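Peer 1: Pasting in a structure now, in structure tokens, and then I'll have a few things to ask.
Values in this text are rule-based calculations from the coordinates and carry no lab data. Model, not experiment: these values are computed from the prediction. Virtual Cβ from ideal backbone geometry, glycine too; neighbours counted across all protein chains shown.
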Ligand code: NAD
Ligand code: UFG
């Protein structure tokens, strides 16, 4: 495994993973249509790592563009991050989500098959579990997404399973991320959402830096210790390293395997507010509003399988997640332009 195609490599998780790949001496080619990212991210990736990468501004749906990239490089594997990821938006615009994520992935897989690239790491999500029957959630739990975004992830997982049946030379690692947060420890690169953030931590950070007046907490009447929702927040640098562990696993073959990437520990919204106040030294004004439609009370991972088979484990704790997020947010209050 030497040359890797990273789709969506200009995005939040893709850019942080590309840093780790370059530091580990992989050759990286990034494909991104920049629909939710900036080329400045890739400039910073190169500055931080001290290495160069090749970049193509291209859309997954543009088959001729994909073919010319596969013609120009001999890839050993693909890490497939590219996709749309806003849950609420996917409910409003299901066709756009299915087309971009599923048709886009099908186009990619078809070009991979044509050029005999049969190893892939796919960005799946804990959202494939929907509302789990019990926590911690392991990989054997029922799969029943509750929104179109989640369905796109499950459909792509299934397509890769079927492809392996049709051609056993295909190997795929399906990484089911829990809640990625934080930023690169340098403070130079982090999440830079366009418009109002959908997720808790970027929203909290924008309140702390004065871009937004207050946080709205979506419900404090859940069946959790303090009534607010509980999630498994994982530092994005730990998550990035999980992709390198997945590439090592792919090298051994193994067909299609799913892994949870989480810490195994859940924190409530209130605990996150307190931790971020401590890290930033800022008070976070908040008010409690109605539950957000589609939210669940509690979700956190059983990460045992990733530890056992990928030899990977999250190392960074809550304080580091908050300190790194705050370093990035306070240095670049407007994110990447
Ligand atoms: P992101 O939006 O920052 O990155 C995705 C990148 O893909 C963006 O740079 C975007 O421009 C690009 N892209 C989208 N559609 C494309 C297309 N058709 N062609 C080419 N490029 C395209 O998101 P992220 O948080 O870095 O997420 C990366 C992956 O991880 C996504 O697949 C997402 O669904 C998945 N994931 C994210 C989370 C999370 O909370 N951030 C949780 C679970 C899974
Ligand atoms: N929350 C608030 N206020 C906000 C935003 C969120 O109270 O402004 C609460 C939510 O109700 C929830 C918790 O904070 O209890 C976390 O919400 P996020 O939106 O940050 O994360 P979710 O768990 O809802 O979903 C995220 C991604 C999904 C991904 C999933 C994986 O958005 O794409 O994690 O677990 F699939």
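Peer 1: Just need the relative contact order of the chain here, percent rounded to a whole number, with Cα pairs under 8 Å and 6+ apart.
Peer 2: About 19 percent, as a whole number.
Peer 1: Note down the relative contact order for the stretch 57-113 as a percent, whole number, built from C-alpha pairs under 8 angstrom at least six residues apart. Don't skip to the end; give the middle numbers.
Peer 2: Values: 33 pairs, mean separation 30.5, N = 57.
Relative contact order of the stretch 57-113: 53 percent.
Peer 1: Rg to Rh for the stretch 211-337: what is it, with Cα atoms only and Rh by Kirkwood?
Peer 2: 1.03
Peer 1: At q = 0.17, 0.19, 0.20, 0.21 Å⁻¹, what base-10 log of I(q)/I(0) does the Debye formula yield for the stretch 191-261 when every alpha carbon is treated as an equal point scatterer in vacuo?
Peer 2: -0.84, -0.92, -0.95, -0.99
Peer 1: What share of all Cα pairs of the chain, in percent, falls into each consecutive 20 Å distance bin?
Peer 2: Over the chain, the share of Cα pairs per 20 Å bin runs 32, 61, 7 percent.
Peer 1: With only alpha-carbon atoms in the gyration tensor, what are the semi-axes of the equivalent ellipsoid for the stretch 58-157, in Å, largest first?
Peer 2: The three semi-axes for the stretch 58-157 are 28, 17, 9 Å.
Peer 1: Using helices alone, what [θ] at 222 nm do you get for the chain, with -39,500 (n - 2.57) per DSSP H run of 4 or more residues, divided over all residues and rounded to the nearest 500?
Peer 2: -11000 deg cm²/dmol
Peer 1: To the nearest 10 degrees, how steeply does helix 39-49 sit against the main Cα axis of the chain, on a 0 to 90 scale?
Peer 2: That works out to roughly 90 degrees.
Peer 1: Determine the distance separating the Cα centre of the stretch 63-78 from the Cα centre of the stretch 167-192; give it in Å without decimals.
Peer 2: 21
Peer 1: Also, I was wondering about something else. Taking only Cα atoms, what is the 0 to 90° angle, nearest 10, from helix 12-23's long axis to the longest principal axis of the chain?
Peer 2: The helix 12-23 is inclined about 60 degrees to the chain.
Peer 1: Tell me the volume per residue, in Å³, of the convex hull enclosing the alpha carbons of the stretch 227-284.
Peer 2: 90
Peer 1: Between rounded, prolate and oblate, where does the stretch 1-73 land on the alpha carbon gyration tensor, with a ≥ b ≥ c its root eigenvalues, rounded for a/c under 1.5, else prolate if a/b exceeds b/c?
Peer 2: Oblate.
Peer 1: What percent does the relative contact order of the stretch 59-214 come to when contacts are Cα pairs within less than 8 Å and at least six residues apart?
Peer 2: 23
Peer 1: Okay, moving on. What is the ratio of the Cα radius of gyration of the stretch 194-233 to 2.2 N^0.38 Å, with N the residue count, to two decimals?
Peer 2: 1.30
Peer 1: How do 212, 231 rank when sorted from fewest to most other Cβ atoms within 10 Å of their own Cβ?
Peer 2: The most exposed by this proxy come first: 212, 231.
Peer 1: Okay, next question. List 124, 280, 35 from most exposed to least, where exposure is judged by having the fewest other Cβ atoms within 10 Å.
Peer 2: Taking fewest neighbouring Cβ atoms as first place, the list is 35, 280, 124.
Peer 1: May I pose another question? Any idea what angle helix 63-72 forms with the longest principal axis of the chain, computed on alpha-carbon atoms, 0 to 90 degrees, nearest 10?
Peer 2: Tilt of helix 63-72: around 70 degrees.
Peer 1: Also, I was wondering about something else. In nm, to one decimal, how far is the residue 307 label point from the residue 52 one, both placed 7 Å along Cα→Cβ?
Peer 2: 4.3
Peer 1: In what order do 63, 308 fall by count of nearby beta-carbon atoms within 10 Å, going from fewest to most? Don't jump to the answer; show the numbers that get you there.
Peer 2: Working: 63 14, 308 10.
Ranked by crowding around the Cβ, least crowded first: 308, 63.
Peer 1: Related question: Taking a ≥ b ≥ c as the square roots of the eigenvalues of the Cα gyration tensor of the stretch 284-331, is the shape rounded (a/c under 1.5), prolate (a/b larger than b/c) or oblate? Write down the numbers at each step before the final one.
Peer 2: On the way: a/c = 3.68, a/b = 1.29, b/c = 2.85.
Oblate.
Peer 1: Starting from the Cα gyration tensor of the stretch 115-223, take the square roots of the eigenvalues, sort them a ≥ b ≥ c, and report rounded, prolate or oblate (rounded when a/c is under 1.5, otherwise prolate if a/b is larger than b/c, else oblate).
Peer 2: The shape class here is oblate.
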